[in-house]
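Before anything else, here's the structure in question.
The values are calculated or read from the model by the stated rules, or taken from the named source; none is laboratory data. Owing to the predicted nature of the structure, the values given are computational and were not obtained by experimental measurement. Heads up, the Cβs are rebuilt from the backbone with ideal geometry, glycines too, and the neighbour counts pull from every protein chain shown.
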């Protein structure tokens, strides 16, 4: 077995854990630990199924970067609960989850999983940079379909898609993206730009849904060529031509918002996580006892204790 890097879209996973794990078991002080416990079980399952040798927890240091908002003011607006002038806006996060985030960071550190975030950027941008620079196969774990743009069979970059739940994980490759949407991963930014995404506050091109966007890309190849064709009225109906031309201002900026960064200044401490050494395992067990993380931590430890790969 060769080395393999697993990149976790951490917030996507701990939100899923929070809503998926009943808040029945509490820490000794009465605080909620369901998100922390659920994330540990997710990690245990992912490690067991996909056998990474290296893992990074990618972090949203800024979940709504100002440079993206400057280009499209509606970007993630519906999730904002407080505008902050001198820093990241405050995202709508349930209080019991917000309180668990420091514990989640402690559990990841205890397991030897590095946490990497970059100022003014989202976890997606960290994932894009690390995947693009990786010298080994990469599994990206997320429920965010925008990261389909990073899939690359030629470089061994695939995506473990969690949108249907941890019991229905989908392994996304070039082939599955084409089967699902009719476009290649390299066309996904242009596809998502035209389609739009209400969950991110991206309006898209009015009247252009997934099927039309895919057809335009199949015909013309990329958004630049689609816009050029619309200018002269070639290869599309008059109605679609009008829609593309009317969305000109949006199309000037939206691809920059949708495309993840791939060139951030990151020097990642990516070291093998297998096998987890006894000292780390003991520290993780002690943390579990302190916070009543119970079997969830032990399952994560057990999964990480198994030697894998060539390191």
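Does any residue of the stretch 224-234 turn out to be under 19 Å from residue 128 (Cβ atoms) and in contact with a helix residue (DSSP H, G or I) (Cβ under 6 Å, 6 or more places away or on another chain)? Lay out the reasoning, then the answer.
Residues of the stretch 224-234 under 19 Å from residue 128 (Cβ atoms): none.
No, because not a single residue in the stretch 224-234 is under 19 Å from residue 128 (Cβ atoms) and in contact with a helix residue (DSSP H, G or I) (Cβ under 6 Å, 6 or more places away or on another chain).
Same structure again: Would you confirm, using the coordinates I've provided, whether residue 96 is part of a helix (DSSP H, G or I), at pLDDT below 95 and in the same structural domain as residue 78 (by TED's automatic domain parsing)? Don't jump to the end; show me each part of the working.
Numbers: part of a helix (DSSP H, G or I): yes; at pLDDT below 95: yes; in the same structural domain as residue 78 (by TED's automatic domain parsing): yes.
Taking the combined requirement at face value, the residue satisfies it.
Next question, about the same structure. Please determine whether any residue of the stretch 186-194 is surrounded by 15 or more Cβ atoms within 10 Å (Cβ to Cβ), assigned to a strand (DSSP E or B), touching a helix residue (DSSP H, G or I) at 6+ places or on another chain (Cβ under 8 Å) and at negative phi.
no
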